[in-house]
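Written out below as structure tokens is the structure these notes cover.
The values are calculated or read from the model by the stated rules, or taken from the named source; none is laboratory data. Here the structure is a predicted model, which means the values were calculated and not measured. Glycine also receives a Cβ, built like all others from the backbone with ideal geometry; neighbour counts cover every protein chain displayed. Accessible surface is based on the protein model in full, side chains and every heavy atom, while ligands, DNA and RNA are left aside. Shrake-Rupley method; radii C 1.70, N 1.55, O 1.52, S 1.80 Å.
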Amino acid sequence: HLQESGEMYLETIYILSKKIGSVRSLDVAEYMNFQSPAVGLLKSGDYILVDGSGYITLTDSGREIAEKMYERHTLLSELLEKLGVDKETAVEDACKIEHDISDESFEAIKRHVRGKNMPK
């Protein structure tokens, strides 16, 4: 199981790959405003691949976690904004919540937000 920093790193790689295509560890560090030892840990955990030029690719398991974190962050940010929280605070709070909320609770929130049938 990854720690929050690893999940954030994978999510950042996912976001950057959607924006710029090929992602290097330098791009991630600049986006996150810090250097991280996460590359080595994520590489040894088979979450990312790094080629000889330093370009990073998510493995299937890395992409799965990154997409999960991105969905949580996006949905929670939107929900908090709809509840009246200003955008900056909503984004910051969603970033904290997305790593700690259980799958069960998130799925319930997602069903509620999307208007799906609620369990009785």
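Conditions (1) among the charged types (D, E, K, R); (2) at pLDDT below 90, marked per residue:
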| site | (1), (2) |
| --- | --- |
| G62 | no, no |
| Y70 | no, no |
| L75 | no, no |
| L79 | no, no |
| H99 | no, yes |
| E104 | yes, no |
Could you figure out which of (1) surrounded by fewer than 17 Cβ atoms within 10 Å (Cβ to Cβ); (2) touching a strand residue (DSSP E or B) at 6+ places or on another chain (Cβ under 7 Å) isn't true of E64? (2)
Open to solvent by 40 Å² or more (accessible area, probe 1.4 Å) and of a type outside the set (F, W, Y): is that true of L49 in this structure? yes
Give segment 24-56 a look and list any residue that's assigned to a helix (DSSP H, G or I), over 18 Å from Y14 (Cβ atoms) and at pLDDT below 80, or say none. G40
Among residues of segment 21-37 being of a type in the set (A, V, I, L, M) and farther than 20 Å from H73 by Cα, the residue surrounded by the fewest Cβ atoms within 10 Å (Cβ to Cβ) is L26
Checklist (1) over 17 Å from the mean Cα position of the chain (by Cα); (2) open to solvent by less than 30 Å² (accessible area, probe 1.4 Å) applied to I56, failing item: (1)
